[in-house]
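Taking it in order: structure first as structure tokens, then the write-up.
The values are calculated or read from the model by the stated rules, or taken from the named source; none is laboratory data. The model shown is predicted, which means the values in this text are computed figures rather than measured ones. As a convention, Cβ positions derive from the backbone with ideal geometry for all residues, glycine included, and neighbour counts pool all protein chains shown. The area values use the complete protein model at the heavy-atom level, side chains included, leaving out ligands, DNA and RNA. Shrake-Rupley method; radii C 1.70, N 1.55, O 1.52, S 1.80 Å.
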Amino acid sequence: MSTEKVSLLGRFQKGLKNFGPAFFIIGYVVGTGSVTSMVVSGANYGLSLSWALLLSCFFTYFLLVSISKLTIVSGNTLMYNFKEAFGKPVTIFIITALLVSIVSSVIGVMGVVAEVAMEWISVRTSISFLNAPIVAIFFTCLLVALFWTGKHENFIKAMSAMVGFMALSFIATSIMVVKETGTNLGDFFPELPQGDNSGLVIAGIVGTTMAGVCLASRSILVQEQKWGIEHLKTENRDAMSSMVLTFLISLAIMISATGTLYFQGIKVVDATDMMSALGPWAGDFALTLFTLGIIGAGLSSIFPNLLLFPWLIADYTNTERDMKKPLFKFLVVIVALTGIIVPFFGGKPVWILIASQALSPFIMPLITLFLIILLNKKDVMKTYKTSLWINIALGATLIFNFYMLYVALNGFLVFIKTGI
């Protein structure tokens, strides 16, 4: 009997290990940026923009599968493959673009975390000496200290548990919203208002799901898993599970915001406006639950962002990802310090964060195009020819990416003119 239990436990642990990259993607994508984009979308537009979420998850699946296969067959990570095939200048340009996305995400996420934390402190406590800059400095120092000491695994697990509980809460809320609102399904899909900047929100939804940085890190994680050709089916299941769960959790957040905010006419302008999105399920505890979830999601998504730039450098140079190198430590600290910009100098963290997510469509057409070329090069893929269906899927993904680039450009133009 005990042997059977050990065997079952061993299979379960092996299964978790095999699906490690999927958990990373879910944890990275379903963070503060995703919550913010989905809540703003649901509060302002109902489920009218859910098509963007569905298509971005659908096309991201093919990108994940293709990047994983390229990494497994070639034995090299994505940026190194780009450098070898297309040269250093264009690869450095892609890495620089990804760095801009990383830094802007850290700036936006910490701004939202600090604003939400301060709202909770002002409502639930009598503390008066704290302000957003102090809160941001505290969280930044905490993240840097955890990185510096290497004692971050349990912390990240705790933050992930908080995010998981918030995600379950959103799922419960979405079920209650659909059941108790008493409205027709069609009411969840209102027409978009004229003259509104829905383009930036659409680009943010797609950018938080089809994130260039996340796709680049996928290659690194697959290499670290030491997956071989025999693991291609495992890799496909891993990619599928990550996208299905990402879609379901993100859709639940959008439905919750539609039922709790949109039907009440509450527009999301500041981070504190999002705090009613869990109202029906959690009642008076909604404020605390949402705050804990946003802090957990924020810190657990900022931490990998701190590591990604050094990872990309190691990817580009095809060297060991030794985070103890002085250069890598310095880069981590610099990126972490950018998080205090909004709390110190002001701004609208919700729209800054959505704008940071909307930067991803600017680089995705190039990444997708390079991926298609590499997958069809015999000297790279050897005898493992890319199927016609994958080529068709990636071609459709490229068209989608160009359309999202157009949408993002228009969204940013409106954002620059109006500030929203």
Cα extents of region 186-257 along the three principal axes, largest first, in whole Å? 51, 23, 16
Heavy-atom surface of region 65-105, accessible at 1.4 Å and reported per residue (Å²): 33
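Please give the peptides 42-55, 397-410, 227-240 ranked by average Cβ packing (other Cβ atoms within 10 Å per residue), highest first, as a rough proxy for protection. Could the numbers behind the result be given before it?
Details: 42-55: 22.0, 397-410: 19.1, 227-240: 15.5.
Per-residue mean Cβ counts within 10 Å order the peptides as 42-55, 397-410, 227-240.
Compute the semi-axes of the equivalent ellipsoid of region 336-420, taking the square root of 5 times each eigenvalue of the Cα gyration tensor, and list them largest first in whole Å. The partial results should precede the final answer.
Details: eigenvalues 272, 54, 12 Å².
Semi-axes from the Cα gyration tensor: 37, 16, 8 Å.
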Run the numbers for R321 and I392: contour at 0.36 nm per residue of separation, minus the present Cα-Cα distance, in nm. 22.1 nm
Using the reciprocal of the averaged 1/r over all distinct C-alpha pairs, how large is the Kirkwood radius of region 298-367 in Å? 14.0
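Rg(Cα) of region 44-98 divided by 2.2 N^0.38 Å?
Values: Rg = 15.8 Å, N = 55, 2.2 N^0.38 = 10.1 Å.
Normalised by 2.2 N^0.38 Å, the Cα Rg of region 44-98 equals 1.56.
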